[in-house]
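Trainee: Let me begin by handing over the structure; questions about it come next.
The values are calculated or read from the model by the stated rules, or taken from the named source; none is laboratory data. Just so you know, these numbers come straight off a predicted model, no measurement behind them. Neighbour counts run over all protein chains shown; Cβ positions are idealised from the backbone, glycine included. These accessible areas exclude ligands, DNA and RNA; they are computed on the full protein's heavy atoms, side chains included. Shrake-Rupley method; radii C 1.70, N 1.55, O 1.52, S 1.80 Å.
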Amino acid sequence: MQNNSNQKHVKNHWSLGLLESMNDPSSVYKETDKVVVIKDKYPKAKVHYLVLPRDNINSIYNLDKSHILLLEEFGKVFHDIQEEHSDLELKAGFHSIPSMQRMHMHIISKDMISACLKTKIHWNSFTTSFFLPYKDVLRSLKDNGHVEKISTEKHKTLMSTPLKCNQCEFVPKNMPDLKKHLLSH
DNA sequence: GTTCTAGAAC
DNA sequence: GTTCTAGAAC
């Protein structure tokens, strides 16, 4: 029998991982009628959650004005979680081009101190405009009725942005240097 | 999204 | 010689 070698079509493809986590009680942090909050499996900071809709919405580019109420619930969840972590400064937003299926909003602390933070792509996906703040996405939805995609060129440019500290003007020479520096804040 | 690892960078 | 980055993964 031929093995199922075409990975793209396998049921357990890595890009479906969030759907599994939503149904795994050990991953779920909190839930409401409309959303589920899970702990990021590879947190990139001291605090790192993902907020996902129960409805099958694949990405922010599938949103229209009918989803404004849903997005406002994302905002309430963010507010609640910030209050639960009053010792840390959190931010909420979406990746312009996510790798994982099912729309998800990151709630992440600004320290960026984590063993799972390893690559320039990790860094730039949270510290450049590749990270779309929650408030900007909600505003875009209210003003334009949709969220605008970024170009492949813009994506490439953002991912190759030189490393720079997100809390000061420090320019590290590489990732290990940056990680050491972050501990000093 | 991560893992692995070749070879670039130091 | 070691550290670090970046591209393939069938």
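Trainee: Residue under question is A:Met112, and the condition is that it be touching a strand residue (DSSP E or B) at 6+ places or on another chain (Cβ under 9 Å), within 16 Å of DNA strand B (Cβ to nearest atom) and not β-branched (Val, Ile, Thr); does it hold? Walk me through it before giving the result.
Mentor: On the way: touching a strand residue (DSSP E or B) at 6+ places or on another chain (Cβ under 9 Å): no; within 16 Å of DNA strand B (Cβ to nearest atom): yes; not β-branched (Val, Ile, Thr): yes.
No.
Trainee: Also, I was wondering about something else. What's the total number of residues in the range A:43-98 that are in contact (Cβ under 8 Å) with a residue 24 or more places away in the chain and of a type in the set (Ser, Thr, Tyr)?
Mentor: Selection size over the range A:43-98: 4.
Trainee: Okay, moving on. Can you tell me which residue among A:Phe126, A:Phe131 is within 16 Å of DNA strand B (Cβ to nearest atom), in contact (Cβ under 8 Å) with a residue 12 or more places away in the chain, under 21 Å from A:Pro162 (Cβ atoms) and in contact with a Lys or Arg (Cβ under 7 Å, 6 or more places away or on another chain)?
Mentor: Answer to the check: A:Phe126.
Trainee: Does A:His146 satisfy the criteria of being of a type outside the set (Phe, Trp, Tyr) and within 16 Å of DNA strand C (Cβ to nearest atom)?
Mentor: Judged against the criteria, A:His146 is not a match.
Trainee: Of the numbered conditions (1) away from DNA strand C (no atom under 16 Å from the Cβ); (2) under 13 Å from the mean Cα position of the chain (by Cα); (3) open to solvent by less than 40 Å² (accessible area, probe 1.4 Å), A:Thr128 fails exactly one; give the number of that condition.
Mentor: (1)
Trainee: Sticking with this one: Return yes when A:Pro133 is on the phi < 0 side of the Ramachandran plot, in contact with a strand residue (DSSP E or B) (Cβ under 6 Å, 6 or more places away or on another chain), surrounded by 12 or more Cβ atoms within 10 Å (Cβ to Cβ) and not aliphatic (A, V, I, L, M) and no when it is not.
Mentor: When the stated conditions are applied, A:Pro133 passes them.
Trainee: Here's something else I'd like to know. Any residue that is among the β-branched types (Val, Ile, Thr) and modelled with pLDDT under 95 - is there at least one of those in the range A:3-26?
Mentor: Within the range A:3-26, one or more residues are among the β-branched types (Val, Ile, Thr) and modelled with pLDDT under 95.
Trainee: Got at least one residue in the range A:132-142 being under 16 Å from the mean Cα position of the chain (by Cα), outside any helix (DSSP H, G or I) and either more than 16 Å from DNA strand C (Cβ to nearest atom) or more than 22 Å from A:Gly75 (Cβ to Cβ) (or both)?
Mentor: Checking the range A:132-142: at least one residue is under 16 Å from the mean Cα position of the chain (by Cα), outside any helix (DSSP H, G or I) and either more than 16 Å from DNA strand C (Cβ to nearest atom) or more than 22 Å from A:Gly75 (Cβ to Cβ) (or both).
Trainee: Restricting the search to the range A:138-185, which residues are away from DNA strand B (no atom under 15 Å from the Cβ), among the small types (Gly, Ala, Ser) and out of contact with any Lys or Arg (no Cβ under 6 Å at 6 or more places or on another chain)?
Mentor: Scanning the range A:138-185 gives A:Ser140, A:Ser151, A:Ser184.
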